[in-house]
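Have a look at the structure below, then the notes.
The values are calculated or read from the model by the stated rules, or taken from the named source; none is laboratory data. Note that the structure is a prediction, hence the values are computed from the model and not measured. Methodologically, a virtual Cβ is constructed for each residue, glycine included, from the backbone with ideal geometry; neighbour enumeration extends over all protein chains shown. Surface accessibility is based on the protein's heavy atoms, side chains included, excluding ligands, DNA and RNA. Shrake-Rupley method; radii C 1.70, N 1.55, O 1.52, S 1.80 Å.
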Amino acid sequence: MWLIIISALVTLVSFGYLYLTWNFNYWKDRGVPGPRPKPFLGTFSSTFTQKEHPIDENNRIYREYKNAVPFIGGFSFRSPQLFVLWPTLVKDILVKFHQHFKANEMGGTIDPKADPLLARNPFFLDGEEWRLKRAQISPAFTNSRLKALLSIMDNVCKNMVNYIDQHTPDGPIETKEMATKYTTDVVSSCIFGAEGGSLTSERSKIREMGNNLFHQTFMFMVLAVVSSVAPFLKRFVKLSLIPKYIEDYFVGLMTEAVRNRKTSGIKQVDYLDHLISLQEQKEISILDMAAHGVTFFIDGFETTSEVLGFALLELSVDKVIQQRLRQEVLAAEEGGEQLTYEMIMELPYLDRIVNETLRKWPPAFALSKRCTEEITFRLNNNREVLIEKGITAVLPIWAIHLDEEYYPDPARFNPDRFSEDDGGHNVKYYQEKGVFLPFGDGPRACIGRRIGLLQIKRALVEIVRNYDFTVNSKTVLPIQIDPQNIVVTPLGGMWIDYRKL
């Protein structure tokens with residue numbers, strides 16, 4: 001009996017090993033170099049093992065191969081992936097060859113019945129569905145709407161100043177959390193027409209739900225494993241990244257927001273007003289509206305707060321840069337002139353600081369584009385490689401942004417990189433070379449780029465005009481990224497001391 005059981009186990013393990021490794025010669029057979037994959041884990045194992053953050057893993061692989069070939073082959077578990085090394089090819093995949101890479105890696109993996117909110121997110125959509133959803137959202141980010149949102153940000157900034165004043169006597173403030181509270185309240189007001197209360201109360205429901213939304217790491221790992229190891233299981237196992245209670249909360253929040261706006265008769269040029277106009281044209285349902293709201297919430301809350309937090313941290317370390325920005329802001333406000341949308345967006349040194357933050361701490365550390373139509377890439381003078389439909393191309397944005405070949409002394413925070421008058425180059429120069437891609441590029445570039453920049457710049461103006469701030473010794477420097485968090489989170493937090501001016 002025991003012999004039968006042991007034999008069955010050995011057979012099962014052997015079969016599993018063969019299934020998980022039989023494809024590992026995929027790139028070798030095509031003459032494409034790359035790291036040797038590990039059984040079950042493949043090449044890109046950090047998401048599963050959490051021994052290092054994917055940023056560190058990507059950077060290590062990038063540095064090892066970038067001088068040899070334009071791309072290498074790797075594996076996500078057992079699925080072959082293309083790891084792109086040369087910025088020119090990265091840019092071509094996003095722009096020139098967009099028709100061959102029209103889908104994100106996770107596109108089409110979310111089941112609409114199991115996860116109706118995320119399944120309507122343009123990030124997870126392909127083809128005509130993606131085009132339709134993006135077309136619905138695009139008009140919400142016109143100049144007139146962005147200008148109208150500035151008054152909302154003004155009010156949230158006042159609450160942020162009160163928050164800093166209240167917490168300064170207690171010691172340093174964990175600034176990533178403060179930045180997240182700020183972006184949560186801005187986005188809550190823009191989408192749902194209601195104050196989020198993150199900066200004004202100890203407990204905020206929407207802040208709590210937002211935090212829960214970004215801590216679904218286990219389910220994300222399960223989805224990644226199923227998609228790479230046994231994609232056929234998705235037909236039978238319906239996975240959801242957004243728990244039902246979070247889905248119900250955001251649908252209820254949107255339903256209430258629409259009812260309140262229509263009852264009040266208030267006309268406000270914001271994102272909610274745009275969604276209501278789409279609903280009245282019978283283009284979208286309340287579930288679609290909630291899905292658009294969650295899309296905006298995800299894009300505008302976590303990634304924007306990351307950039308704002310890192311900008312404040314860099315300014316707290318380099319007081320010369322901080323003072324130079326303060327002088328620019330105060331000069332613009334001379335005579336009691338209130339900063340307008342145009343003035344905030346066009347302050348040159350503020351713009352350089354934000355660009356340098358996006359360069360050093362890009363919110364998307366990598367992009368993953370799935371090949372939707374086969375294409376041939378040249379590996380070297382002697383070999384061309386056919387990239388088959390279904391292969392994912394990994395674009396290591398963070399690694400490129402920190403490459404000294406494109407940015408001398410890349411670990412140094414230097415806003416003048418983006419000033420032609422100070423020996424640097426303008427943003428367009430770096431973008432055309434494919435070495436500055438914080439928002440991606442091409443038809444699927446981040447649609448919320450301008451509202452994110454406005455949020456960040458408005459908050460920085462408010463803080464530098466009101467406070468002198470210094471990094472506290474509780475902050476671990478140099479910054480290390482938490483390997484157990486799927487979003488970019490510094491180990492130990494961002495602790496800053498604020499002194500009222």
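Here are a few things to note about the model shown:
- Summarising the amide proton neighbourhood of Thr475: residues at separation of 5 or more, or on other chains, whose placed amide H is nearer than 5 Å comprise Trp495.
- Using alpha-carbon coordinates, inclination of helix 286-298 to the longest axis of the chain, degrees: 80 degrees
- Calculated accessible area for the chain comes out at 45 Å² per residue, all protein chains present (probe 1.4 Å; ligands, DNA, RNA ignored).
- Aspartates and glutamates with Cα under 12 Å of Lys147, excluding same-chain neighbours fewer than 8 positions away: Asp270, Glu342
- Positive-pole candidate from Phe413, Leu437, Gln455, dipole of segment 407-462, charges at beta carbon: Gln455
- For a straight C-alpha distance cut-off of 23 angstrom, the lysines reachable from Lys319 (same-chain residues fewer than eight places away being disregarded) are Lys176, Lys360, Lys457, Lys474, Lys500.
- Quarter of Cα convex hull surface for segment 361-501, i.e. mean projection, nm²: 12.3 nm²
- Across all directions, the average projected area of the convex hull around the alpha carbons of segment 390-440 is 4.2 nm².
- Overall, the chain carries a charge dipole of about 1360 debye about its Cα centre when +1 sits on the Cβ of Lys and Arg and -1 on the Cβ of Asp and Glu, all other atoms neutral.
- Of the two radii for segment 319-397, the radius of gyration is 1.32 times the Kirkwood radius, both from the alpha carbons; that is the Rg over Rh value.
- Spherically averaged projected area in nm², based on the convex hull that wraps the Cα atoms of segment 78-144: 6.8 nm²
- Three-way shape label, segment 16-128, alpha-carbon gyration tensor, a/c 1.5: oblate
- Against the chain, whose longest principal axis comes from its Cα atoms, helix 304-317 is set at around 70 degrees.
- Base-10 log of normalised Debye intensity for the chain (one unit scatterer per alpha-carbon) at q = 0.10, 0.13 Å⁻¹: -0.83, -1.37
- Angle between the chain longest axis and helix 175-192 axis [Cα atoms, degrees, rounded to 10]: 80 degrees
- As a fraction of the 1.4 Å probe accessible area of the chain, surface on carbon and sulfur atoms comes out at 54 percent.
- Residues whose amide H lies under 5 Å from that of Ala393, counting only those 5 or more places away or on a different chain, are Leu82, Lys369, Arg370, Cys371; hydrogens are built 1.01 Å from N in the peptide plane.
- Debye log10 I(q)/I(0) at q = 0.20, 0.29 Å⁻¹ for segment 54-106, Cα point scatterers: -0.83, -1.22
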